[in-house]
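Just below is one structure, and these are the notes that go with it.
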Amino acid sequence: MNRSAALQHRWIATACLLLVFATTLIFYWPDVPFVGHNAAVNVPSLTSSFRPANHGLVKPAGVPVIGLIFFGRRDRVEVLRCYLERNLVTNGGWLDEIQWVRNTHDEKDLAYLRDDILPSNPLYTEIDISEMPGSDQQDPAYENAWTKLRRGAIYIKIDDDVVFIGEDTIPRMVDLRVKDPSIFTVSANVINSPLMGWVHYHGGAMHPYLPEFPVDKSHHIPKLESTPWAYTSHPNWTGDADWGFYAEDAVPEHYHRWLRMTESGDSLPSSTAALMQRTPITKIQYDTWGTGLRSWSIAAQEHYSFLENLHDDPSLDIYKLSKIWTTDYERLSINMIAVLSDDILDNMPMTGVVDGKDNTPIADEEWLTVVMPRKLGRQVVVETDALVVHFSFRTQSGLFRTDLLGRYADFARREVCIGRSE
Ligand SMILES: *[C@@H]1O[C@H](CO)[C@@H](O)[C@H](O)[C@H]1NC(C)=O
């Protein structure tokens, strides 16, 4: 598109956004008082393409929607922050407030929370758990934060390394939870989640990718500098037709990227099916503790495939089933979930029977997706149309040797962050 056409498009987009913003103000004004601020905030310079989208869903009146972030790592939170900002009511989203929970003792990371994040928006607050038992330990007892929820609210708990949130993800999660009281926990449809990765693979959402080979050791890929997010900005994979990389393979020593293998129609040796056999994803399992959790290379292929899907069809329909997926008390990773605060508070503390002993402390994930729902006979469901990407589990540190975080940061900067594009 030439320059003047681009300018014209930008003007039209800006006008539309102002209209949307004005409409949103009218719609949300009556809901605002409980956050303690009115909507008189600066009109952000919405220059990028991401828009909160409700698809006709109506935000429930009188029920605050509060984001709950377990904050620990600055490099990842920088990406998430752009999506959070986009989802605030003041920007047309459904989040009335965001509560940050300190989940680290790292001074530099804490300073970022205290001096940069919290003062940046009046809708940001902190849940202070510093006086609570266990908070001085190496791994802060952040599960205490669950006892500090505000009654009568929907909470969206979001891991600090969620690096993509769909435009309609939060409205869809909230709407489902509000309309169906039999549900205890609603999960987003998480890319890089041990259970859902298997569903995505068998639904055709994965593509053949391999690490660049041989790795060009002089080519340093900066982690957060601008690595173009679009797979079409990178070359195709080249190499031996019998070389592959598998689920259990070790992490290369150097930063590297993964590249798309070239398909040639339906015929061997480069049919899609044949190429996939040389990649890690074929070993993914539907198992909370299985390869989808343990294998960094399976996670890498899930991420590179996601970025390709995002590029080729931003609706991301390839992941969506237009219905819920029930987990039936298989433990589900809680990278992004919606819960009603009263459900949690009424059933505290997070304990249960372990090895025949009652009142044993239970990890929040187990409690929220297995123990308490089963005890109450309530459902745990994945809203498959509500997409998010979760960057990594501790077992997948190999992802930090790739340029993936840089690609997500690039996408966020270009398409999502308010007032920061260009
Ligand atoms: C990669 O391969 C595809 C399919 O053969 C082709 O259309 C595309 O142009 C190639 N990309 C590059 C950067 O060479």
- Just need the relative contact order of the range 328-422 here, percent rounded to a whole number, with Cα pairs under 8 Å and 6+ apart. 23 percent
- Mean-position separation - Cα centroids, the range 50-116 and the range 363-380, in angstrom: 25 Å
- Task: Could you run the Karplus curve 6.51 cos²θ - 1.76 cosθ + 1.60 with θ = phi - 60° over the range 113-123 and give me ³J(HN,Hα) per residue in whole Hz, x for Gly and Pro?
- Result: 5, 6, 9, 10, 5, 4, x, 6, 8, x, 8
- Rounded to whole Å², per residue accessible area for the range 204-342 with a 1.4 Å probe reads 47 Å²
- Message: Highest mean first, how do 334-342, 352-360 rank when packing is the count of other Cβ atoms within 10 Å averaged over residues?
- Response: 334-342, 352-360
- Item | Peptide ranges 374-387, 238-251 listed from the most packed, as the mean C-beta count within 10 angstrom indicates | 374-387, 238-251
- Could you please state how large a percent of the accessible area of the range 202-312 is carbon and sulfur, counting protein chains only and using a 1.4 Å probe? 52 percent
- 22 Å Cα-Cα reach of Lys357 towards lysines, excluding residues that sit fewer than 8 places from it in its own chain: Lys375
- Query: Label points 7 Å out from Cα along the Cβ direction at Thr262 and Thr232: separation in nm?
  - Reply: 1.7 nm
- Glu126's amide H: which non-local residues (gap 5+, or another chain) put their own amide H closer than 5 Å, with H modeled 1.01 Å from N in plane and none for Pro or chain starts? Trp100
- Message: At a 10 angstrom cut-off on C-beta neighbours, averaged per residue, how do the peptides 290-296, 175-181 rank from highest to lowest?
- Response: 290-296, 175-181
- Roughly speaking, what is the centre-to-centre gap between the range 330-360 and the range 276-306 when only Cα atoms are used, to the nearest Å? 28 Å
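The values are calculated or read from the model by the stated rules, or taken from the named source; none is laboratory data. Bear in mind that the values here come from a model prediction, so they are computed numbers and not experimental data. Positions of Cβ are generated from backbone atoms using ideal geometry, with glycine treated the same way; all protein chains shown enter the neighbour counts. The accessibility values were calculated without ligands, DNA or RNA, using every heavy atom of the protein model including side chains. Shrake-Rupley method; radii C 1.70, N 1.55, O 1.52, S 1.80 Å.
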